[in-house]
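K.L.:
A single structure is presented below for examination.
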Amino acid sequence: MSRISVKSVGLTLFTVVCAVVAAYFGQPLIHGNDTAVNVIVTVYSILAGFLVAIIAIIGEPSLTPPGSWRIAEGNREKTIQRLTRHKYLFYIYLVSLSLVFAATLLKDKCPCVTPWIERAYLFFSVLAFGLSLSLPGALMRMQQERVDYLIESRRSRRKAEKD
């Protein structure tokens, strides 16, 4: 069973609150602002592609730490948790983009619904942005763990050769 980080939960709740505030107060700023909408679409399209690459790298079996099957087994749960978090972040990117698309399609047909769709895509966009801030740190920790495993594997191998 995995431990839930109080810090992570707190940061996630803070991000959700920021997203709600941004959606409510930011909607008048985004309404009819095609430049801002294009920025959102461009940024989340790029981030979605980047995240797919990250998911592919994290899930690559050949990057499993060297050693016994027990080491690989122990690392599997952590890898699955990382992949799951990134998968949900990817879905949030797609929801943001889908809502922008829906708002664009409905702005002339259903003008009374458009502000609510705009609030929804602002909410998901700010939420995705806040959650994406942890990506560089997560990638760095992952690479550091892989380097540490490699160093430890070489130490163990060297020690075994001396004995």
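K.L.:
Working only within the range 104-127, note down all residues that are free of Cβ contacts under 8 Å to residues at least 60 places away in the same chain and assigned to a helix (DSSP H, G or I).
P.N.:
Selection gives L105, L106, W116, I117.
K.L.:
For R82, work out the one condition from (1) surrounded by fewer than 14 Cβ atoms within 10 Å (Cβ to Cβ); (2) in a helix (DSSP H, G or I); (3) of a type in the set (D, E, K, R) it doesn't fulfil.
P.N.:
Checking R82 against (1) surrounded by fewer than 14 Cβ atoms within 10 Å (Cβ to Cβ); (2) in a helix (DSSP H, G or I); (3) of a type in the set (D, E, K, R), the one that fails is (1).
K.L.:
Which of the residues belonging to the range 27-60 are assigned to a helix (DSSP H, G or I) and more than 23 Å from the chain's Cα centre (by Cα)?
P.N.:
Passing the criteria: Q27, P28, L29, I30, D34, T35.
K.L.:
Output the residues belonging to the range 1-50 that are more than 20 Å from E118 (Cα to Cα) and in contact with a Lys or Arg (Cβ under 9 Å, 6 or more places away or on another chain).
P.N.:
The answer is S2, and nothing else.
K.L.:
What number of residues within the range 107-163 are over 26 Å from L11 (Cβ atoms), aliphatic (A, V, I, L, M) and surrounded by 15 or more Cβ atoms within 10 Å (Cβ to Cβ)?
P.N.:
1
K.L.:
Looking for something more than 27 Å from V126 (Cβ to Cβ) and either modelled with pLDDT of 85 or more or not aliphatic (A, V, I, L, M) (or both) - is there at least one such residue anywhere in the range 79-90?
P.N.:
Checked against the condition, which is being more than 27 Å from V126 (Cβ to Cβ) and either modelled with pLDDT of 85 or more or not aliphatic (A, V, I, L, M) (or both), the range 79-90 yields at least one hit.
K.L.:
Picking from S98, S62, S45, which residue would you name as being modelled with pLDDT under 90 and among the polar types (S, T, N, Q)?
P.N.:
Step by step, each of S98, S62, S45 is checked, and only S62 is modelled with pLDDT under 90 and among the polar types (S, T, N, Q).
The values are calculated or read from the model by the stated rules, or taken from the named source; none is laboratory data. Predicted model only: the values in this text are computed from it and were never measured. As a convention, Cβ positions derive from the backbone with ideal geometry for all residues, glycine included, and neighbour counts pool all protein chains shown.
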